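> Handing you a structure now.
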């Protein structure tokens, strides 16, 4: 039991910290895409958030696939991308109301609201990616690593 906890902690420090670095860069990509859609192309901020999600999802997928969780995928890349995109698109069900409330009720800027809506789901998205989309390959009991 303690060995499993130690392995889980070590995995989080490695893969988890790389996931957080990719995510931090992805937040920058998302904020830039959000700003571009909302301010340059005058897209409504709620739609801009959905469009920016697609841009940052692609960026994040590449970073997770080729750096954070490299070698962990059991399914094909296209299947993992579709699963990851579905996760982030489904997360809009929570993100859009949080964004709306932050802007409308709290009177924050749409950029701040976009950031708040991203951070609300950070831990949930990591858990889904770690456990379902890029699961660790487990060796049979007693097998050498």
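Please treat every number below as a calculation from the coordinates, not as lab data. Since the structure is predicted, the reported quantities are computational estimates derived from the model, not experimental observations. Cβ: placed from backbone, ideal geometry, glycine included. Neighbour counts: every protein chain shown.
> Give me log10 I(q)/I(0) at q = 0.12, 0.16, 0.18, 0.23 Å⁻¹ for the stretch 32-145, Debye formula, one equal scatterer per alpha-carbon, no solvent.
-0.49, -0.77, -0.91, -1.24
> At 7 Å along the Cα-to-beta-carbon direction for both residue 18 and residue 67, put a label point, then send me their distance in nm to one decimal.
Between residue 18 and residue 67, the simple spin-label model gives 1.0 nm.
> Continuing with this model, one more query. Sort 88-98, 50-60 by the packing proxy (mean of other Cβ within 10 Å over each peptide's residues), most packed first. Before the final figure, lay out the partial values.
Values: 88-98: 15.6, 50-60: 19.0.
Result, highest mean first: 50-60, 88-98.
> At 0.36 nm per residue, and after removing the present C-alpha to C-alpha distance, how many nm does the segment from residue 39 to residue 77 gain when stretched out fully?
Extra length from residue 39 to residue 77 when fully extended: 10.3 nm.
> Output needed: percent of Cα pairs per 5 Å distance bin for the stretch 71-136, bins running from 0 to the one holding the longest distance.
In order of increasing distance, the bins hold 4, 18, 23, 18, 13, 11, 8, 4, 2 percent.
> To continue, here is another question. Over the Cα atoms, compute the radius of gyration (one decimal) and Dmax (the largest Cα-Cα distance, rounded to a whole number) for the stretch 52-106, in Å.
14.1, 44
> Could you give the length gained on full extension between residue 58 and residue 126, defined as 0.36 nm per residue of separation minus the Cα-Cα distance, in nm?
Computed gain between residue 58 and residue 126 is 22.9 nm.
> Another one. How much length is gained if the chain between residue 105 and residue 51 is pulled fully straight, taking 0.36 nm per residue apart and subtracting their Cα-Cα distance, in nm to one decimal? Intermediate results must be reported in sequence, preceding the final value.
Numbers: separation 54, 0.36 × 54 = 19.44 nm, distance 2.30 nm.
My answer for the length gained is 17.1 nm.
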